[in-house]
Amino acid sequence: YAATEILEWTPPEFYVDGMALDPATEILSYTLYYGQEPGNYTQQVTITPDAREHTISGLSGTWFFAMTATSVELEESAYSNEISRKFTKGKPRSFTIRFRARD
């Protein structure tokens, strides 16, 4: 089935301490974590900061997703809010994350 489930991800603008962050120069990578139980991420994929989307295929059942950003100083952020998606036969079985700039 060709359809995909899409999640849009907005790169962070601030460090935890409130200082401004420039994603174009201060983010080394993003990590997408996912697994079949809430908060228990058994899979992960590192995504380069210049990527605009990433697709994971072959999913079935319910999956939970969260992301982090890693700075050029190798500091990893806390997890983003967790989302979940259920993939069933005849429905989208791929998951695409798209990056977009803040408005």
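Rule-based calculations on the coordinates, nothing more; no lab input. Keep in mind the model is a prediction, meaning the values are calculated, not measured. Note that we place each Cβ from the backbone using ideal geometry, even for glycine, and neighbour counts take in every protein chain shown.
Exactly which chymotrypsin sites (Phe, Trp or Tyr not before Pro) in segment 4-94 are in a DSSP loop and have at most 16 other Cβ atoms within 10 Å?
Tyr15, Tyr79
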Length gained when the stretch Val45-Ala78 is fully extended (0.36 nm per residue, less Cα-Cα span): 10.3 nm
Pairwise label distance in nanometres, Thr10 with Lys86, each label 7 Å out on the Cα-Cβ vector: 2.9 nm
